[in-house]
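The values are calculated or read from the model by the stated rules, or taken from the named source; none is laboratory data. Here the structure is a predicted model, which means the values were calculated and not measured. We place every Cβ from the backbone using ideal geometry, glycine too, and count neighbours over all the protein chains shown. Note: areas computed on protein heavy atoms with side chains; ligands, DNA, RNA excluded. Shrake-Rupley method; radii C 1.70, N 1.55, O 1.52, S 1.80 Å.
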Protein chains: 2
Amino acid sequence: MTQGIAIIPADESHIAAVWTIFQEVIAAGDAYVFEAGTTLDQFGAYWFAPQFHPQVALLDGEVVGSYVVKANQPGRGSHVANASYMTASAARGRGIAGMMCEHSLRYAKSLGFRAMQFNIVVATNTVAVRLWQKHGFRIIGTSPGAFRHEQLGYVDAHVMFRELDDIG
Amino acid sequence: MTQGIAIIPADESHIAAVWTIFQEVIAAGDAYVFEAGTTLDQFGAYWFAPQFHPQVALLDGEVVGSYVVKANQPGRGSHVANASYMTASAARGRGIAGMMCEHSLRYAKSLGFRAMQFNIVVATNTVAVRLWQKHGFRIIGTSPGAFRHEQLGYVDAHVMFRELDDIG
């Protein structure tokens with residue numbers, strides 16, 4: 001656990017700070033599907049939608065990360081959660097993404113989800129792939145060339161999955 | 001090819017007929033994530049959204065099927081298409097689903113997509129799995145228990161994929 005980190009539900013007062021992290025994350029073009037050109041209003045309506053259950057990670061009161069958890073499919077697929085995570089570059093290397101992942105697994109379990117699936121984990125983002133594996137996810141499939149990487153062109157994307165049976 | 005079948009872009013005049021097929025398809029609870037309780041307004045706003053490019057299959061002028069094709073992900077994942085198909089039960093066994101699939105592959109190619117992915121093909125729906133395989137899709141992964149089947153409970157769902165390189 002990282003000292004001084006608190007993860008709490010996000011509210012409108014956090015939008016500007018999360019937006020700054022989002023812009024930083026998408027600028028690299030190597031991990032997230034969103035591209036430059038997404039507006040603050042579009043982002044806010046998406047990430048802060050109530051059914052996304054947005055959370056923020058605070059370090060000494062400052063927003064250093066955010067995640068969302070939601071149903072991966074409607075109706076008959078809605079018992080499987082999906083989550084997305086972002087960490088401020090200045091705060092990386094402190095285990096914040098891992099903390100958010102653990103938090104999201106417990107939170108998803110408390111919301112009644114039975115499993116969690118990531119649909120498009122960029123295969124070249126090996127740091128992320130290893131982090132999710134460390135937190136119990138396994139690669140259950142790979143979509144060939146499904147991500148257009150800013151530097152590398154079309155690269156593979158993994159589908160990663162874990163049950164939540166072991167989550168307390 | 002089935003005699004007398006035409007596939008054309010859907011417009012508002014087709015909503016009622018497609019809605020009837022949709023209700024029939026979801027009543028079984030064995031293939032589609034949508035559940036009973038979806039309203040006509042919700043369905044119309046979803047299936048007939050412009051970015052879904054809705055199409056209908058007509059047999060002697062009557063709507064016997066419908067499909068949509070859209071980007072499976074935004075931005076850096078938007079070169080992979082996703083499609084959904086429905087056939088009226090009274091018109092099954094005539095190859096209409098296969099015709100719609102072929103049509104959707106050519107249409108997706110014409111829209112600039114490089115590949116097509118299905119995210120949640122119910123594993124117990126072996127007729128559909130074999131049909132998509134016949135049309136060039138392969139199973140690239142399986143989400144354990146990701147579909148809540150009306151009769152069978154939680155069953156696996158396949159991710160199926162094909163490139164569009166060979167489509168004219």
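If you take the accessible area of B alone plus A alone and subtract the pair, what total do you get in square angstrom, rounded to 100, with a 1.4 Å probe?
Details: alone 8800 and 8810 Å², together 15140 Å².
Chain pair B/A: roughly 2500 Å² of buried accessible area.
So what's the projected area for the protein assembly as shown, the Cα convex hull averaged over all directions, in nm²?
Numbers: hull surface 69.6 nm².
For the protein assembly as shown, the mean projected area of the Cα convex hull comes to 17.4 nm².
Pick from A:GLY93, A:GLY145, A:GLY65: which is most flexible by mean-square fluctuation in a GNM of chain A where alpha carbon atoms under 10 Å apart are linked?
A:GLY93
Net charge near A:GLU35: determine it from the other residues with C-beta under 15 Å of the C-beta of A:GLU35, scoring Lys and Arg +1 and Asp and Glu -1.
Values: positive: A:ARG148, B:ARG76; negative: A:GLU24, A:ASP30, A:GLU150.
Once positives and negatives cancel, what remains is -1.
Restricting to Cα pairs below 8 Å that are 6+ residues apart, what does the relative contact order work out to for the stretch B:5-163? Please round to a whole percent.
The value is 20 percent.
Using a 7 Å offset from Cα along the direction of the beta-carbon, what are the separations from B:HIS135 to the same position in each other copy, nm, ascending?
3.6
Please check the stretch A:64-94 for residues whose accessible area, probe 1.4 Å, is lower by 10 Å² or more when all protein chains are in place than in their chain alone.
Buried by 10 Å² or more upon assembly, which counts only protein chains, are A:GLN73, A:PRO74, A:GLY75, A:ARG76, A:GLY77, A:HIS79, A:VAL80.
List the distances, in nm and shortest first, from the label point of A:ALA90 to the matching label points in every other copy, placing each point 7 Å from Cα along the Cα-to-Cβ direction.
Copy-to-copy label distances for A:ALA90: 6.6 nm.
Using the eigenvalues of the Cα gyration tensor, what equivalent ellipsoid semi-axes result for the stretch B:5-163 when each is taken as the square root of five times the eigenvalue, whole Å, largest first? Provide the component values of the computation, followed by the final result.
Values: eigenvalues 94, 80, 50 Å².
Result for the stretch B:5-163: semi-axes of 22, 20, 16 Å.
Quick check: at a probe of 1.4 Å, how many percent of the accessible area of the protein assembly as shown sits on carbon and sulfur atoms? Intermediate results must be reported in sequence, preceding the final value.
Working: 7880 of 15140 Å².
Whole-percent figure for carbon plus sulfur exposure: 52.
In B, who owns the beta-carbon nearest the axis carrying B over to A, and how many Å from it?
B:GLY141, 1
Under DSSP H, which helices of chain B have Cα atoms covering 15 Å or more of the helix axis and a Kyte-Doolittle average no less than 0.5?
Numbers: long enough: B:15-28 (20 Å, 1.66); B:96-110 (21 Å, -0.01).
For chain B, where a helix must reach 15 Å along its axis and average at least 0.5, the hits are B:15-28.
What accessible area per residue comes out for the stretch B:5-163, rounded to a whole number of Å², with a 1.4 Å probe?
Numbers: 6780 Å² over 159 residues.
For the stretch B:5-163, the per-residue accessible area is 43 Å².
Just to confirm the numbers: A:TYR154, label point 7 angstrom along the Cα-Cβ line, distances to the other copies in nm, shortest first?
3.5
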